[in-house]
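A short reminder: the numbers here are calculations on the coordinates, not readings from a lab. Keep in mind that this is a model prediction, so the values were computed, not measured. All Cβ positions, even for glycine, are placed from backbone atoms using ideal geometry, and neighbour counts span all protein chains on display.
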Amino acid sequence: MGVSQPTAAKIVQRLKTLSLVENRPYRALSLTEDGRSLAARSRERHQAVADCCQLWGLMQTPWRSTRKEWSITSAIRL
């Protein structure tokens, strides 16, 4: 992803300080409940912007959500 290890460590520390992620030694990071909530809201906003861009003809390829209920374009086709 083009991010140096020190930069990634700072980002992880900031996310931990904000109580958005937790980690245990030798385990992957995991989102806290607040982290999952923030991620869901961020994804919903991204989906809304992407759907509007597609509807206005600004995107050639539709951005597909893995959650169909978040997609305006799938609702329009119903």
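How many nm is it between the label spots at residue 26 and residue 4, if each spot is 7 Å from the Cα in line with the beta carbon?
3.0 nm
Quick one: 3J(HN,Hα) in Hz for the range 30-46, Karplus 6.51/-1.76/1.60 with θ = phi - 60°, rounded, Gly and Pro as x.
In residue order, the calculated couplings are 9, 6, 7, 4, 4, x, 5, 5, 5, 4, 5, 5, 5, 5, 4, 5, 4 Hz.
For residue 21, enumerate residues with amide H under 5 Å from its amide H, sequence gap 5+ or separate chain, H modeled in the peptide plane.
Those lying under 5 Å, H to H, from residue 21 are 16, 32.
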